Ligand SMILES: C[S@@+](CC[C@H](N)C(=O)[O-])C[C@H]1O[C@@H](n2cnc3c(N)ncnc32)[C@H](O)[C@@H]1O
């Protein structure tokens, strides 16, 4: 089965803890297989993703790779690399290109933090925008995964969960599995 990973570039210790954690949680919840974190090494993020996985299930993998360039080049040997940037092709148009060009391939979705190195705009197979307006890497991950999975990820079952939510119109109900 094809693998879909997110590459979070330029992680900064302390400053980006919350947003990089959110990139990982959103990637996991929306059906990606894992996240590669590049920039400053931050074991606390990997630990917090592992904790979520232990309680809520699934096989999501979080790992650190200091060298984003070799990570992307390695990925390109077997897969398709998407850079998320407000300067790219807007999602409604990019969606058709992704479907055609990534068919049967693994996908790497690259998101940035601060200013991205200019070469990244040329290394990726496709630069895609989720609107051509500035916003957030977290929203970009969610929207792109939702289009790739055509909404099916919203119903996904996470195996080996210790806890599950019984959805309520009002109130909260969590059951131990
Ligand atoms: C807060 S932005 C910082 C962008 C930075 N000012 C720059 O010029 O590269 C962080 C990341 O969010 C994502 N992002 C922001 N707006 C986006 C958009 N409209 N479409 C797709 N991704 C976007 C990109 O991955 C970007 O690297």
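Coordinate-derived values only; no laboratory data. Quantities reported herein were computed from a predicted structural model and do not represent experimental measurements. Note that we place each Cβ from the backbone using ideal geometry, even for glycine, and neighbour counts take in every protein chain shown.
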Please give the helix 43-56 orientation as an angle from the longest Cα principal axis of the chain, in degrees from 0 to 90, rounded to the nearest 10.
50 degrees
Multiplying the sequence separation of residue 160 and residue 99 by 0.36 nm and subtracting their Cα-Cα distance, what value in nm do you get?
18.9 nm
Suppose each label sits 7 Å from its Cα in the direction of the beta carbon; what would the residue 119-residue 12 distance come out to in nanometres?
2.3 nm
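Using the number of other C-beta atoms within 10 angstrom as an exposure proxy, rank 135, 122, 11, 22 with the fewest first.
Working: 135 12, 122 8, 11 20, 22 17.
Going from least to most buried by this count: 122, 135, 22, 11.
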If R0 is 25 Å, what FRET efficiency do you get for residue 54 and residue 87 from their C-beta distance, rounded to 0.05?
0.05
For the chain, what does the relative contact order come out to in percent, with C-alpha contacts under 8 Å and a separation of six or more?
28 percent
Just round it to a whole percent: the fraction of Cα-Cα distances in the chain exceeding 27 Å.
25 percent
Projected-area average for the range 92-177 over all orientations - Cα convex hull basis, square nanometres
8.7 nm²
So what's the angle, to the nearest 10 degrees on a 0 to 90 scale, between helix 68-78 and the longest Cα principal axis of the chain?
90 degrees
Using the Kirkwood formula over every pair of different C-alpha atoms, what hydrodynamic radius in Å results for the range 1-78?
12.7 Å
Distance between the C-alpha centers of the range 1-78 and the range 162-177? Whole Å please.
27 Å
